[in-house]
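Remarks on the structure that follows.
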Amino acid sequence: MKNILTQFSRLFVGILFIISGLIKLNDPVGFSYKLAEYFSEPVFNMPFLEPFALAIAYFLVILEVVLGVLLLIGYKTKFTIWSLLTLIVLFTFLTFYSAYFDVVKDCGCFGDALKLTPWQSFTKDVVLLFFILILYFNQKLVQPLFGVKTQNVLVAVAVVLCCFMGYWVLNHLPLKDFRPFKVGNNINEGMQIPENAPKSEVEMVFIYKVNGVQKEFTEKELMNIPAGATFVDRKDKVIKEGYIPPIHDFTIEKDGKDFKEEFLNEQKLMLIVAYDLNKSSADGMTKMEALHKKALIKGYKVIGMTASSPEQIEAAKKQFGLTFDFYFCDAIPLKTIERANPSVVIISKAVVKQKVHYNDIEDLKL
């Protein structure tokens, strides 16, 4: 019985780590955004790690896949199980912190392929911790499946393939797109809220300064505000989250006006997406003006989309000789649209037709 439970744990943990790791390895940039959330000031306040978020994400996802392979083939059992235990304790802490303090809404455990709530992510990690502890206490039952030379070859192949996959998707696009802006999706449909969808429950909270200390009062508690208290602010507190459409906060703004409806009605629309012009690839940006001119000849409406300031836009246009107009959209939806900075998206009547990394502009079919 003990051996059956141990072998089941071996298969369950190994396969789950490989699947979870491969999904994130398919989109390490997306996982790095989640790590950056954890490093941000409101969460762990470690902004010095934010510039290294992508490198850390790349290392962690490869480690996750490789450890899953090592466990399945029984390679250096003690090292493998200790590494798995260390990793799952770290993940369990992070998901508990996210859930308890309600800071990071989605840990990114399975990327965009499967969205889990913070408490679901924590539960998943607790289950994994349970099975890894079974492996920890029964390490002698986890025997290698092959000889030493074969084991070494399999480990080397796993590492090389993971590194190659990571390198490829960082310089091109994810092999599989799970995001709401994937090719074939209709943006207008992605923004719609069904009539019977659950609505958010919001409570108004009033902040008053009482004896020099800021205190919060609900509407029902307004009668209890002591005399002499000074009003500071009012905010909305979400009691229950309602339905959030897959695509939200998407705008195409300029001079305070949203042109989203107008542009999404275009038959031929090219979006040049660069969420942060200061961080955009200089090599990629130099290709955009030539692409712009080529697209105009083919009858396309071409616009840039960014979350950068007007000053940054003007500086970029001057530096790279860009003549197309830029429109504003928040950085979060722009990062969701495409991972490369810059990237190109072709839309027809609100339907995403093509998406390419700046390294793959020659693949565009105009």
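For this structure, a couple of remarks:
- Within region 192-207, considering residues that are of a type in the set (S, T, N, Q) and touching a residue at least 24 places away in the same chain (Cβ under 8 Å), the one nearest to His248 (Cα to Cα): Gln192
- Listed conditions (1) modelled with pLDDT of 95 or more; (2) over 21 Å from Leu173 (Cα atoms); (3) among the hydrophobic types (A, V, I, L, M, F, W, C) are all met by Ile18, apart from (2).
- Residues in region 272-284 that are hydrophobic (A, V, I, L, M, F, W, C) and in a loop (DSSP other than H, G, I, E, B): Ala274, Leu277.
- Candidates Phe59, Phe39, Phe17: the one that is over 22 Å from Lys115 (Cβ atoms) and either open to solvent by less than 30 Å² (accessible area, probe 1.4 Å) or of a type in the set (Phe, Trp, Tyr) (or both) is Phe59.
- Residue in region 208-217 that is within 30 Å of Lys78 (Cα to Cα), open to solvent by 50 Å² or more (accessible area, probe 1.4 Å) and of a type in the set (S, T, N, Q) present: no
- Just one of the numbered conditions (1) open to solvent by 70 Å² or more (accessible area, probe 1.4 Å); (2) touching a Ser or Thr at 6+ places or on another chain (Cβ under 6 Å) is not true of Phe164: (2).
- Here Asn185 clears all of (1) within 30 Å of Pro246 (Cα to Cα); (2) polar (S, T, N, Q); (3) open to solvent by 90 Å² or more (accessible area, probe 1.4 Å) except the condition numbered (3).
- None of Gln354, Gln312 is of a type in the set (S, T, N, Q), assigned to a helix (DSSP H, G or I) and in contact with a strand residue (DSSP E or B) (Cβ under 9 Å, 6 or more places away or on another chain) except Gln312.
- Boolean, Ile244 is of a type in the set (A, V, I, L, M), farther than 30 Å from Leu322 by Cβ and assigned to a strand (DSSP E or B): no
- Residue match in region 236-258 (condition: open to solvent by less than 60 Å² (accessible area, probe 1.4 Å), over 30 Å from Lys199 (Cβ atoms) and more than 26 Å from the chain's Cα centre (by Cα)): no
- Candidates Asp112, Asp102: the one that is among the charged types (D, E, K, R) and under 30 Å from Ile346 (Cα atoms) is Asp112.
- Subset of region 315-343 (residues that are touching a Phe, Trp or Tyr at 6+ places or on another chain (Cβ under 7 Å) and not in a helix (DSSP H, G or I)): Tyr327, Cys329, Ala340, Asn341, Pro342, Ser343
- Any pair with Cβ under 9 angstrom, 6 or more apart, that starts in region 77-95 at a residue that is closer than 18 Å to Thr6 by Cβ and ends at one that is among the hydroxyl-bearing types (Ser, Thr, Tyr) and exposed (fewer than 13 other Cβ atoms within 10 Å of the Cβ): none
- Of residues in region 308-330 being open to solvent by less than 30 Å² (accessible area, probe 1.4 Å) and within 27 Å of the chain's Cα centre (by Cα), the one farthest from Lys260 (Cα to Cα): Ala316
- One residue stands out in region 285-307 among those that are in a loop (DSSP other than H, G, I, E, B) and free of Cβ contacts under 8 Å to residues at least 60 places away in the same chain: the one that is farthest from Ile346 (Cα to Cα), namely Ala307.
- Candidates Val159, Val155, Val89, filtered to the one that is exposed (fewer than 14 other Cβ atoms within 10 Å of the Cβ), outside any loop (DSSP other than H, G, I, E, B), at pLDDT 90 or above and not hydroxyl-bearing (Ser, Thr, Tyr): Val89
- Per-region count, region 301-320, residues touching a helix residue (DSSP H, G or I) at 6+ places or on another chain (Cβ under 9 Å) and more than 16 Å from Ala331 (Cβ to Cβ): 5
The values are calculated or read from the model by the stated rules, or taken from the named source; none is laboratory data. Note that the structure is predicted; figures quoted are calculated from it, not measured. Glycine gets a Cβ as well: all are built from the backbone with ideal geometry, and neighbour counts include every protein chain shown. Calculation scope for accessible area: heavy atoms of the full protein, side chains included, ligands and nucleic acids excluded. Shrake-Rupley method; radii C 1.70, N 1.55, O 1.52, S 1.80 Å.
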